[in-house]
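**Q** Mind having a look at this structure? Questions to follow.
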Amino acid sequence: MADNRVAYIDGLRAIAIIAVVGYHAGVPGFSGGFVGVDVFFVISGYLIINHIVAELAAGKFSFAQFYARRTIRLLPPLLVMIAVTLPVAAILLVSPYEWQWYGASAAAAALSVSNIYFLSKQGYFDIDAYEKPLLHTWSLSVEEQFYLVVPLLLMLCFVLAKRMKANPYKVLAAAGALVFIASLAGSIRYSGGERNYAFYLTHWRAWEFAAGGMLGFLGAAITARQKTTATLAGIAGIALVFLSIVLLRDGVAYPSYLAVIPVIGTALAIYAGRTHPDSLPARLLSPAPLVWIGLLSYSWYLWHWPLISFARIAQFGEAWLARDIAMAALALLFAWFSYRLVELPARRWRERSDLRRIGARVFATGVAACIALAALTGGAARYAYVKARENPLVATSSDDLVAQSACPQELCGASNGLRGALVGDSHSDRFLAVMTRETARYGIALVPRKTLAETKEDFAVVVFRWSTLRAAGLHHLDQLEKYLPALAADGRRVLIIGPVPEYPWKGVNCLMRAERFGYPMDRCAVPRAKVDAERQAAVARLLRATAGNPNVRYAEPVGLFCDARLCRPYTNGAALMADENHITVPYGADWLYYNFRNDFWWVMSRTDRGTTSTK
């Protein structure tokens, strides 16, 4: 975020940060507050690109000076924030998974690549946003990558203009338009999906910076008619930004073409202020409270999300609007301290220093500080991760269960040469290790399958997330009803594992946090009645699909987790659930195999001597 102080620009910054904070705190009316980041990108493009262009045109630009300015402006508050999160994490984070995520994200944030890190983790096993205290640094990484590249590109435009004997501003305008069009096209093409490349990657956000940068190539308007046009454009621009904040929603493919609305709105507001500083839009954006918030916008952005995230983590992920608003307000206080104690001293030191002479050393020092902090946070998180894995909740051995689950030779000894299939989604993946181990004992070839349609083996163990609350669950049930008769024909046996209970918290995280803060383990349990209600429709369809076929068995796991009152994600001091609905490996998988061993022996053997374990 640039540091040029212009009142209406600070007002735009204030609107952007209020939108982002309101969105993250869950304040009603801020459903599209994520567009605040787009506003920041346009502002940065306008200020930074035109500052560099002015210095290049005057022959005064210095790479060392530019990178030193950015280093002094951005890194001290950022590195202080990351460093402060480490001791807070030591108090609040408990599980290996939490430390694994925190350590990697802290190192990535310090090295300005957290956008790439968070993109790489998107997918089915991504964790909730509130569990990532440094998630907000993705946009800072995008900006920092922009700052690294844009001076080189702008200088290249000036070199080309000189060689072509062309007006450099025409070359810049053409290059800006090309970047805008190509980047916007890519943003639309690559928005959404399992991994949202357009959201996180700098080159698909470049059109937003270019939109701001190209404003500087417009001539200054002086006529009354042009001032009227600028005023109307500015009012329309402010309206577009506000409409984006209020009307956009989570779940849409973003940025895509939707980001054009806040981007064009921000550009129009800047155009109005640049063209006519006394215009109505400029005055609307310049009241003292907005300007003050704009001054604190960078620090407020840095602090608001870690406080909201850590507060929610401390309360087991439970949403609470009043708490999150309080954290946002506390973050504003932190921002004021950061501005007074970190940003202002750094700025004053920069103003009295000869950055042309010492710029390279300043930048190198900043890079060294980033590397050192990445090593510190990454190393500390790795140590905490190793220690957390020693907790009996996740370290309890399943050796006894494995020993007691060995199939008798008279059953499975005759199974040599059979081919079996483990069919399912990520829930079957949790059984893969135990099934591979057990089938290997008896010369059975195991084939993992993702669909019932492709399953042709001698027997099959089927494990899906069957919940009918999800579209995928309905699809799996439809496929089972369609393919099960053929799958269980010709003597082929099929064992179907029913749905495990689902919890509102990640099992391991919840259990270890309850242990840390002195809560009973049942803090992580859910009422049996709630679980039964959620499973009822799926279980009814599974029972109908499997009834009356001697080659099919249905194993009902709910009784292993639940008594008449509660369903628990643990047993005998060991965690059974890794997250909300996946069992732990190896303990949870071995424990379920042990409890259903007769059914597994039945499906893996040629002799039917087991008993169905429905509970």
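The values are calculated or read from the model by the stated rules, or taken from the named source; none is laboratory data. Quantities reported herein were computed from a predicted structural model and do not represent experimental measurements. We place every Cβ from the backbone using ideal geometry, glycine too, and count neighbours over all the protein chains shown. For accessibility, only protein heavy atoms count, side chains too; no ligands or nucleic acids. Shrake-Rupley method; radii C 1.70, N 1.55, O 1.52, S 1.80 Å.
**Q** Scan the range 86-101 and give yes if some residue there is among the aliphatic types (A, V, I, L, M), in contact with a Leu (Cβ under 6 Å, 6 or more places away or on another chain), in contact (Cβ under 8 Å) with a residue 24 or more places away in the chain and part of a helix (DSSP H, G or I), otherwise no.
**A** no
**Q** Has the range 541-548 got any residue that is open to solvent by 40 Å² or more (accessible area, probe 1.4 Å) and farther than 30 Å from Gly491 by Cα?
**A** Within the range 541-548, none of the residues are open to solvent by 40 Å² or more (accessible area, probe 1.4 Å) and farther than 30 Å from Gly491 by Cα.
**Q** Take Val291 and tell me if it is β-branched (Val, Ile, Thr), open to solvent by 10 Å² or more (accessible area, probe 1.4 Å), over 30 Å from the mean Cα position of the chain (by Cα) and at pLDDT 95 or above.
**A** Spelling it out, Val291 is indeed β-branched (Val, Ile, Thr), open to solvent by 10 Å² or more (accessible area, probe 1.4 Å), over 30 Å from the mean Cα position of the chain (by Cα) and at pLDDT 95 or above.
**Q** Six or more apart or on different chains, Cβ atoms under 6 Å: show the pairs whose first residue is in the range 341-356 and open to solvent by 40 Å² or more (accessible area, probe 1.4 Å) and whose second is of a type outside the set (Val, Ile, Thr) and assigned to a helix (DSSP H, G or I).
**A** Arg356/Gln65
**Q** Please work out which residue is nearest to Leu332 (Cα to Cα), limiting yourself to the range 71-104 and to residues that are among the aromatic types (Phe, Trp, Tyr) and open to solvent by less than 40 Å² (accessible area, probe 1.4 Å).
**A** The residue in question is Tyr102.
**Q** Where in the range 382-455 are there helices (runs of 4 or more DSSP H), lying wholly inside it, with at least 1 residues that are basic (Lys, Arg) and in contact (Cβ under 8 Å) with a residue 12 or more places away in the chain?
**A** Hits in the range 382-455: 432-441.
**Q** So, one more: If you go through the range 500-509 one residue at a time, do you hit one that is over 27 Å from the mean Cα position of the chain (by Cα) and surrounded by fewer than 22 Cβ atoms within 10 Å (Cβ to Cβ)?
**A** no
**Q** Given the options Arg69, Arg73, name the one that is in contact with a Phe, Trp or Tyr (Cβ under 9 Å, 6 or more places away or on another chain) and in a helix (DSSP H, G or I).
**A** Arg73
**Q** Please find, within the range 179-208, the residue that is farthest from Cys157 (Cα to Cα) out of those that are under 17 Å from the mean Cα position of the chain (by Cα) and among the aliphatic types (A, V, I, L, M).
**A** Here the residue is Ala198.
**Q** Quick one: is Gly317 open to solvent by less than 30 Å² (accessible area, probe 1.4 Å), on the phi > 0 side of the Ramachandran plot and in contact with a helix residue (DSSP H, G or I) (Cβ under 8 Å, 6 or more places away or on another chain)?
**A** yes
**Q** Follow-up. Hey, Arg513 hits all of (1) farther than 27 Å from Arg419 by Cβ; (2) touching a Lys or Arg at 6+ places or on another chain (Cβ under 8 Å) but one; which does it fall short on?
**A** Result: Arg513 fails condition (2) only.
**Q** If you don't mind, another one. Could you identify the single residue in Ala210, Ala230, Ala239 that is within 21 Å of Ala7 (Cα to Cα), at pLDDT 95 or above and part of a helix (DSSP H, G or I)?
**A** Ala239
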